[in-house]
1. If I compute solvent accessible area with a 1.4 Å probe over the protein chains, what percent of it on the chain is carbon and sulfur?
2. Report the far tail of the P(r) of the chain, meaning the percent of Cα-Cα pairs longer than 30 Å.
3. Quote the FRET efficiency, to the nearest 0.05, computed for Met63 versus Asn38 with a Förster distance R0 of 30 Å and r equal to the Cβ-Cβ distance.
4. If you take the Cα Rg of region 118-170 and divide it by 2.2 N^0.38 Å, with N the number of residues, what do you get?
5. About the Cα centre of region 78-170, how large is the charge dipole given +1 on each Lys and Arg Cβ and -1 on each Asp and Glu Cβ? Please answer in debye to the nearest 20.
6. Using the heavy atoms of the protein chains alone and a 1.4 angstrom probe, what is the accessible area of the chain per residue in square angstrom?
7. Can you sort Thr48, Thr131 by solvent-accessible area, 1.4 Å probe, largest first?
8. I need the GluC sites (Glu not before Pro) found in region 98-140, filtered to DSSP loop residues with at most 16 other beta carbons within 10 Å of theirs.
Amino acid sequence: MPEEGINREEILMKKLVSVIAGGVLGLAAGAAAIGKMNKKVIKEKENTKKRYKKYYDIMNYWMEANYRGRSISECLKEKEYTNIVIYGMGELGNRLYEQLQKTDVKVMYAIDKNPVSSYSELNVVGAAMETTGVDAVIVTPVYDFDKIKEDLEGIFDCKIISLEEIVYEM
């Protein structure tokens, strides 16, 4: 009889150790997964922060250039860009369009993933389409410029330029 009691205790102890070990392993795996997710979220937030900092710097320099008497339309005309397409109608794209509305630089149309415009006179399309007579496509999502330029080079036979480049030349 005493042997049965010892076996039962050993069996219960092994089960308890097994349950505890499984729980510890489960917690460790869960913590690792949460850590990995947190790293991804932190990286995304850092990228967003860098993106908005870049946009802030561009807008700040743009405003300073305006105070110095330089305009974006003058800069474009100096480069002989009088018929343009705006790629990206976020805040920077909207400001660019507003600055060009009453100038000699004509915005042929705009391209945006969300082809809705608050400007009734501006045709905003969801995908790039070649238009004859376009001197330049100005890309306003400057953070993704290289990828966008690569995508547009097969469609347009004109200069594809970042708004950042234009602004910093003002």
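The values are calculated or read from the model by the stated rules, or taken from the named source; none is laboratory data. Quick caveat, the model's predicted, so the values are computed rather than measured. As a convention, Cβ positions derive from the backbone with ideal geometry for all residues, glycine included, and neighbour counts pool all protein chains shown. We work out accessible area using only protein heavy atoms, side chains counted, and drop any ligands, DNA or RNA first. Shrake-Rupley method; radii C 1.70, N 1.55, O 1.52, S 1.80 Å.
1. Carbon and sulfur together cover 56 percent of it.
2. For the chain, the fraction of Cα-Cα distances above 30 Å is 41 percent.
3. Result of the calculation: an efficiency of 0.20.
4. 1.20
5. That gives region 78-170 a dipole magnitude of about 280 debye.
6. Computed with neighbouring chains in place, this is 67 Å² per residue.
7. Thr48, Thr131
8. Filter output for region 98-140: Glu121, Glu130.
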